[in-house]
Amino acid sequence: MPWKIILLIFILALVIRFLYFPNNVYFGYDQARDSFVSLEILKGHLKLIGPPSSINDNLFHGPLIYYIYAPIYFLSDNNPEVVAAVFRVINSLGVISVFFIGWMLFNRNIGLISAFLFAISYEQSQYSLFISHPSLAVLPVMLFYLGLSLVIFKNRQWGLIVSALGLGLAIEFHYVHSLLVIPLAVILLTFRKFKIKYLFISLPVFLLSILSFVIAELKFNFREIKTLISQQSQVFDLGQIIPISQRWLHDNFLSLNLGFLAPLILLVAAVFTLRKERTKKQAVFLTIWFTAGFIPYIFSKSPSYYYNAGSSVSLLILGAFLIYQFMQKNKILGFAVIAITLVSNFSLIYSLNFKGPNKDIIIQPEMLTVYERGALDYIYDRAAGQQFAADALTSPLNVNTTWSYLFEWYGRNKYGYLPVWGLEAAAGFPGNLKVETDRARLPDKRFTIIEPTIGIGASHIADFFKEENYFSKVLEEKQFGPIKVQERIRI
């Protein structure tokens, strides 16, 4: 077992994912919302349903993410940067799963190349930067395929139990992974190496792993199932295949705009593997795996980055096989392909990861804690120990969840007191700052925080400043990355 090499690859993955840390820790509304819920768990308020879906108010993900956050916050004094560090370590552990899958499908050397490609992948580094439930689905999706690999290529029937656990955990982190039942059915029918006994043993393991969904459905009269059934079926959008194929290749192998050539390259790679008699079974397995990654996009017509969690790992393993074949014929050619892949990924990582998650993952780019802490340090410094009011132009509008968490975690811990929130705060959203909507009762010293305005309508921005300027005037404005802070005084 090449543990020393795997350890070196794991360390490489850590170095890449911790590059720029903690200055590229993203913390926006979703992160603050989930953090508040996790703190409630620490107070004894257990949760049965997870974060809400952005598609429908009646759809929710699993609550497992809250139970991962909670102990980290307990040990770190509610510091989201520690959560970010844990996420990066978790993603780095993927090199072990990838190694074992590559080894079982082909051989140890291809397993090591697969692990190396995972470690340097720009796409995987982006998942590691995204503090949210979808990014943690990468490991369970790989666990799902690892279990199937055990059965098909090593005749270890208990792999079905591993696969069932991976499927359930993946669904916990994002219900879109329930679509994995499609490749599961195809693989079961294609390979027929599964014993009925172990299928029945795997079923309770799967049900136990999605127990929160089962209880919630029984408690809420099958709300989510009814909602999913009632959703109007979308016409297949096969046009998604080209941009998703392009992104897979761009973010894992070659950072060039290949356009319609991307799916063609994938097809040629699959055919090349299929034509070899001894690797036909492996090629079919990997083809089913990465083809399944298109299913969410075909149904939803959404380009969401995280629908693809774990699917493109199949492409990394296929790429590792092809690189190994090149090396067998010409070592210089094989190492040249690795060098191109390394340079391509590093160029993306070096030039983009300092900004945090990319625009395909989040709505408001660069809402980083380094800028948020800078904004709060400026505010408290200008307040000079006096009581002050704070408000913000936020996305979502009039929701102070993000800044409430930041003031409570960072501001109060460092400076010993909290501001009054001097703007109406939308009801039903987490946050503990005292809200005072009567402008006449606010302190004279006021600060207005302006988040990146992507996703905020021009009319809302105009109305916000019209009201602000009616009651106060700007003394000074400072910029912290994309975040602006205005020091204001009562008129």
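Tabulated data for the structure shown
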{"quantity": "Listing of helices (runs of 4 or more DSSP H) fully contained in segment 310-397 that carry 1 or more residues being outside the structural domain of L423 (by TED's automatic domain parsing), of a type in the set (K, R) and without any contact (Cβ under 8 Å) to a residue 12 or more places away in the chain", "calculated": "313-329, 331-352"}
{"quantity": "Verdict on F60 being in contact with a strand residue (DSSP E or B) (Cβ under 6 Å, 6 or more places away or on another chain) and either within 23 Å of I171 (Cβ to Cβ) or surrounded by fewer than 23 Cβ atoms within 10 Å (Cβ to Cβ) (or both)", "calculated": "yes"}
{"quantity": "S53 under 17 Å from the mean Cα position of the chain (by Cα) and farther than 26 Å from L348 by Cβ", "calculated": "yes"}
{"quantity": "Condition check for S347: at pLDDT 90 or above, of a type in the set (S, T, Y) and more than 30 Å from M104 (Cα to Cα)", "calculated": "yes"}
{"quantity": "Matching option when the condition is surrounded by fewer than 20 Cβ atoms within 10 Å (Cβ to Cβ) and modelled with pLDDT of 95 or more, among L165, L129", "calculated": "L165"}
{"quantity": "Residue in segment 96-114 that is closer than 29 Å to P22 by Cα, touching a Pro at 6+ places or on another chain (Cβ under 9 Å), assigned by TED's automatic domain parsing to the domain that holds I16 and touching a residue at least 40 places away in the same chain (Cβ under 8 Å) present", "calculated": "yes"}
{"quantity": "Selected residue [buried (at least 19 other Cβ atoms within 10 Å of the Cβ) and of a type in the set (A, V, I, L, M)] from A336, A383", "calculated": "A383"}
{"quantity": "Helices (runs of 4 or more DSSP H) within segment 47-125 that include 2 or more residues under 30 Å from E217 (Cβ atoms)", "calculated": "64-76, 80-92"}
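Residues checked against (1) of a type outside the set (G, A, S); (2) at pLDDT below 80; (3) crowded, with 18+ Cβ neighbours inside 10 Å:
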residue: L203; (1), (2), (3): yes, no, no
residue: N252; (1), (2), (3): yes, no, yes
residue: N257; (1), (2), (3): yes, yes, no
residue: F260; (1), (2), (3): yes, yes, no
residue: L264; (1), (2), (3): yes, yes, no
residue: A269; (1), (2), (3): no, yes, yes
residue: T273; (1), (2), (3): yes, yes, yes
residue: K281; (1), (2), (3): yes, no, no
residue: V284; (1), (2), (3): yes, no, yes
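The values are calculated or read from the model by the stated rules, or taken from the named source; none is laboratory data. Everything numeric in this text was worked out from a predicted model, so none of it was measured. Don't worry about glycine lacking a Cβ; one is built from the backbone with ideal geometry, like all the others, and counts go over all protein chains shown.
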